[in-house]
Amino acid sequence: MHIYFNINYFTAWGQNMALSGTLPQLGGGDTSKAVYMNFQWKESWNYDLEIKSKEPFEFKYKYVLRNSNGLDTVEWGDDRIIKVD
């Protein structure tokens, strides 16, 4: 199964978007291990997460703005949740 993430977010030169989540593939909740998203065009960032599990599960995630100075800005507010049945 593939889960596609997409966000339109304007970044400045040297900034990148990343995903941090409770799944091991997304850093296991550690924002320093967040995975970089792919820049597509203008303000579009995406990431394709492949999941091998066939069992129902849920996970939490947030978007992270990575700055070239090493300071990350984590999305404000409650975690986003995906439930897969």
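Before moving on, here are some points about what is shown:
- Residues of region 68-85 that are in a loop (DSSP other than H, G, I, E, B), surrounded by 10 or more Cβ atoms within 10 Å (Cβ to Cβ) and over 15 Å from the mean Cα position of the chain (by Cα): 68 alone.
- Failed item, numbered, when residue 24 is tested on (1) within 17 Å of residue 79 (Cβ to Cβ); (2) touching a residue at least 40 places away in the same chain (Cβ under 8 Å): (2)
- A Cβ distance below 7 Å, combined with a sequence gap of six or more or placement on separate chains, defines the contacts here; from region 44-59, residues that are β-branched (Val, Ile, Thr) reach residues that are open to solvent by less than 40 Å² (accessible area, probe 1.4 Å) in the pairs 51/3.
- Any hit, region 43-52, residues being acidic (Asp, Glu) and modelled with pLDDT of 95 or more: yes
- Subset of region 30-59 that is of a type in the set (Ser, Thr, Tyr) and part of a strand (DSSP E or B) - its residue that is least open to solvent (accessible area, probe 1.4 Å): 44
- Region 11-29, residues that are over 19 Å from residue 81 (Cβ atoms) and either assigned to a helix (DSSP H, G or I) or of a type in the set (S, T, N, Q) (or both): 11, 15, 16
- Residues satisfying the stated conditions in region 13-24, i.e. surrounded by 14 or more Cβ atoms within 10 Å (Cβ to Cβ) and either within 14 Å of residue 65 (Cα to Cα) or not β-branched (Val, Ile, Thr) (or both): 15, 16, 17, 18, 19, 20, 21, 23
- Sole residue being closer than 15 Å to residue 81 by Cα and among the hydrophobic types (A, V, I, L, M, F, W, C), chosen from 39, 59: 59
- Selected residue [closer than 11 Å to residue 20 by Cβ and either in contact with a Gly (Cβ under 6 Å, 6 or more places away or on another chain) or not small (Gly, Ala, Ser) (or both)] from 58, 75: 75
The values are calculated or read from the model by the stated rules, or taken from the named source; none is laboratory data. Here the structure is a predicted model, which means the values were calculated and not measured. Every residue, glycine among them, receives a Cβ derived from its backbone with ideal geometry; neighbour counts consider all protein chains shown. The accessibility values were calculated without ligands, DNA or RNA, using every heavy atom of the protein model including side chains. Shrake-Rupley method; radii C 1.70, N 1.55, O 1.52, S 1.80 Å.
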